[in-house]
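Here the structure is laid out as structure tokens; the discussion comes afterwards.
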Amino acid sequence: MPVIQVQTNHKNVPDGLEVRLALEMAKVMKRPESQIFVSLNTNSRMTRGQLTDPLAVLNVTSSSILTAQLTEEYTVALCEFFQNELSLDSDAVIINYRSISPELIGFNGHILTENRPIVTREKFIIGVLAIAILAFLTQFLKFL
């Protein structure tokens with residue numbers, strides 16, 4: 001359940017930018033649109049050194065494990081998005097990534113671990129393999 005917080009000092013942020021960002025990142029992160037939360041603050045006073053040119057600072061928090069490969073993919077997509085939407089160069093966008101444990105995120109009246117299925121994908125695969133092995137052994141023992 002990614003949360004993307006955007007702060008910018010850009011003076012001409014188009015309406016609906018946060019919705020387009022959520023839709024784009026749902027595709028990139030391979031998540032349902034309803035799981036992407038975006039917060040946009042356009043009233044930020046920002047500087048990089050003494051320069052007050054338009055900037056964007058993003059904080060991306062996820063309950064998923066974020067690898068270098070994933071954050072690189074997300075960074076490319078986010079920089080392209082802000083280049084297209086706000087004409088910001090890649091060096092005017094900084095992104096902080098955080099991966100946090102699901103039990104530290106509350107949503108819909110529960111923490112995320114309470115919303116997860118009891119049988120994980122790994123446990124399901126192990127169970128199916130165990131059943132297949134038992135079926136094979138049963139058939140094999142009939143021939144002995």
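Values quoted throughout were computed directly from the atomic coordinates according to the rules given, and no laboratory measurement underlies them. As the structure is a computational prediction, the values presented were derived from the model and not from experiment. No Cβ is skipped: glycine too gets one built from the backbone with ideal geometry, and neighbour counts run over all protein chains shown.
Among the trypsin sites (Lys or Arg not before Pro) in the range 3-107, which ones are in a DSSP loop with at most 11 other Cβ atoms within 10 Å of the Cβ? Mind listing them?
Sparse-neighbourhood loop trypsin sites (Lys or Arg not before Pro): K11, K30, R45.
Got a sec to turn the phi values of the range 125-138 into Karplus ³J(HN,Hα) couplings, 6.51 cos²θ - 1.76 cosθ + 1.60 with θ = phi - 60°, whole Hz, x for Gly and Pro?
Each residue's phi maps through the Karplus curve to give 4, 4, x, 5, 5, 4, 5, 5, 5, 4, 5, 4, 4, 4 Hz.
Between D53 and K27, what FRET efficiency comes out of the Förster formula 1/(1 + (r/R0)^6) with R0 = 35 Å and r the beta carbon distance, rounded to 0.05?
0.75
Report ³J(HN,Hα) in whole Hz for each residue of the range 89-100, in order, from the Karplus equation J = 6.51 cos²θ - 1.76 cosθ + 1.60 where θ = phi - 60°; Gly and Pro get x.
For the range 89-100, the Karplus-derived couplings read 5, 4, 7, 9, 10, 10, 10, 9, 9, 9, 10, 10 Hz, x marking Gly and Pro.
For the chain, place one equal point scatterer on every Cα, skip the solvent, and apply the Debye formula. What is log10 of I(q)/I(0) at q = 0.17, 0.19 Å⁻¹?
Ignoring solvent entirely, the Cα scatterers give -0.98, -1.14.
Which lysines, on any chain, are close to K30 with Cα under 26 Å apart, when same-chain ones fewer than 8 places away are left out?
Within the straight-line limit of under 26 Å, K30 reaches these lysines: K123.
Once you order the gyration tensor axes a ≥ b ≥ c over the Cα atoms, which shape class does the range 9-72 get: rounded for a/c under 1.5, otherwise prolate or oblate by comparing a/b with b/c?
Judged from the Cα gyration tensor, the range 9-72 comes out oblate (a/c at least 1.5, b/c at or above a/b).
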